[in-house]
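**Student:** Take this structure first; my questions come after.
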Amino acid sequence: MNSDVKEVLITANKIKARIKELGQEISKDYSNKFPLLICVLRGAFLFLGDLVREIDIPLSIDFMAISSYNGQTESSGQVKILKDLETPIDKRDVIVIEDIVDTGLTMDAITRLLITRKPKSIKICTLLDKAERRKININIDYYGFRIPNKFVIGYGLDYEEKYRNLPFIGELKEEVYKGGINKKDGK
Ligand code: 5GP
């Protein structure tokens, strides 16, 4: 598995240190509140797990799964709900927890969908931000790291469902996906 990694971009220690900072920031911003953290499955599962342990105020969590790329190499901006939330979000302070924001189309579609359910507030927290690839202007409230336009795997992020268990963020060797990145459902 490690031999498919071209380069380690962010080490496990760096991820841990940055998540600690994010947790402190969120704890401060939401003191006296009871935020609902919505984890976008599956890529953000490790991020959520580590982040909540660095937040020292009461919170609740829920999960949603959506399909993103629709079989294309690029996001379509259309999201299909594969697994919906179990918590009503009206009057809640929602924080959407995502693994990576690339073009921004997926996150834009998710937030537009959630807004129809009348949360009190909604913020976005992503571990990784490929800002240079943005196609739509979205406001990211918290991010872990800005990364260049490289296809990355590890720490929850996959390629064809593999590599999620790598403890670091790495760039995948081109020869592994030479047929093209063709993500379908399940993020
Ligand atoms: P967007 O709609 O912002 O273009 O795409 C967001 C989704 O695309 C992410 O949630 C993720 O599933 C996928 N994605 C974008 N860039 C990468 C990447 O470098 N590595 C992996 N594994 N997934 C990515």
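**Student:** With the structure loaded, tell me whether K173 is surrounded by fewer than 17 Cβ atoms within 10 Å (Cβ to Cβ) and within 14 Å of I38 (Cβ to Cβ) or whether it fails that test. Talk me through it step by step, then tell me what you get.
**Tutor:** Numbers: surrounded by fewer than 17 Cβ atoms within 10 Å (Cβ to Cβ): yes; within 14 Å of I38 (Cβ to Cβ): no.
Spelling it out, it is not the case that K173 is surrounded by fewer than 17 Cβ atoms within 10 Å (Cβ to Cβ) and within 14 Å of I38 (Cβ to Cβ).
**Student:** Just give me the residues in the stretch 86-104 being away from the ligand (no atom under 16 Å from the Cβ) and part of a loop (DSSP other than H, G, I, E, B), in sequence order.
**Tutor:** E86, T87, P88, I89, D90, K91, R92
**Student:** Let me ask something else. Identify the residue in the stretch 4-40 that is within 16 Å of the ligand (Cβ to nearest atom) and more than 19 Å from K123 (Cβ to Cβ) and, among all such residues, is most open to solvent (accessible area, probe 1.4 Å).
**Tutor:** Of everything passing the filter in the stretch 4-40, K6 is most open to solvent (accessible area, probe 1.4 Å).
**Student:** Any residue at all in the stretch 126-147 that is among the small types (G, A, S), at pLDDT 95 or above and in contact with a Cys (Cβ under 9 Å, 6 or more places away or on another chain)?
**Tutor:** Yes, the conditions are met somewhere in the stretch 126-147.
**Student:** Quick one: in the stretch 105-141, which of the residues that are among the polar types (S, T, N, Q) and more than 9 Å from the ligand (Cβ to nearest atom) is farthest from G23 (Cα to Cα)?
**Tutor:** Within the stretch 105-141, the first condition is being among the polar types (S, T, N, Q), and the residues that meet it are 106, 111, 116, 121, 126, 137, 139.
Subsequent filtering for residues that are more than 9 Å from the ligand (Cβ to nearest atom) retains 111, 116, 121, 137, 139.
Details: T111: 22, T116: 27, S121: 18, N137: 25, N139: 19 Å.
The qualifying residue farthest from G23 (Cα to Cα) is T116.
**Student:** Considering L157, L105, L166, which residue is over 12 Å from the mean Cα position of the chain (by Cα) and either modelled with pLDDT of 95 or more or crowded, with 22+ Cβ neighbours inside 10 Å (or both)?
**Tutor:** Answer to the selection: L166.
**Student:** Just to be sure I understand, how many residues within the stretch 112-147 are open to solvent by 20 Å² or more (accessible area, probe 1.4 Å) and farther than 18 Å from E25 by Cα? First the steps, then the outcome.
**Tutor:** Going residue by residue through the stretch 112-147, those that are open to solvent by 20 Å² or more (accessible area, probe 1.4 Å) are 112-113, 115-123, 131-141, 143, 145-146.
Still in the list and also farther than 18 Å from E25 by Cα: 112-113, 115-120, 131-138.
So the count comes out to 16.
**Student:** Which pairs turn up if I take residues in the stretch 132-147 that are within 11 Å of L105 (Cα to Cα) and look for partners that are open to solvent by 50 Å² or more (accessible area, probe 1.4 Å) with beta carbon separation below 9 Å, at least 6 apart in sequence or on another chain?
**Tutor:** R133/N149; K135/E74
**Student:** While we're here: State whether one or more residues within the stretch 69-89 are open to solvent by 40 Å² or more (accessible area, probe 1.4 Å), touching a Lys or Arg at 6+ places or on another chain (Cβ under 9 Å), at pLDDT 95 or above and over 26 Å from I15 (Cα atoms).
**Tutor:** Yes, the stretch 69-89 contains at least one residue that is open to solvent by 40 Å² or more (accessible area, probe 1.4 Å), touching a Lys or Arg at 6+ places or on another chain (Cβ under 9 Å), at pLDDT 95 or above and over 26 Å from I15 (Cα atoms).
**Student:** Now a separate question. Which numbered condition trips up G43, out of (1) closer than 23 Å to S121 by Cα; (2) open to solvent by less than 90 Å² (accessible area, probe 1.4 Å); (3) assigned to a loop (DSSP other than H, G, I, E, B)?
**Tutor:** So G43 meets the others, but not (1).
**Student:** Are any residues in the stretch 49-67 open to solvent by 10 Å² or more (accessible area, probe 1.4 Å) and in contact (Cβ under 8 Å) with a residue 40 or more places away in the chain, and if so, which ones?
**Tutor:** A65
**Student:** Please determine whether any residue of the stretch 41-48 is over 20 Å from I138 (Cβ atoms) and without any contact (Cβ under 8 Å) to a residue 60 or more places away in the chain.
**Tutor:** no
The values are calculated or read from the model by the stated rules, or taken from the named source; none is laboratory data. As the structure is a prediction and not an experimental result, all values here were calculated from the model. Glycine gets a Cβ as well: all are built from the backbone with ideal geometry, and neighbour counts include every protein chain shown. Side chains included, ligands, DNA and RNA excluded: accessible areas come from the protein's heavy atoms. Shrake-Rupley method; radii C 1.70, N 1.55, O 1.52, S 1.80 Å.
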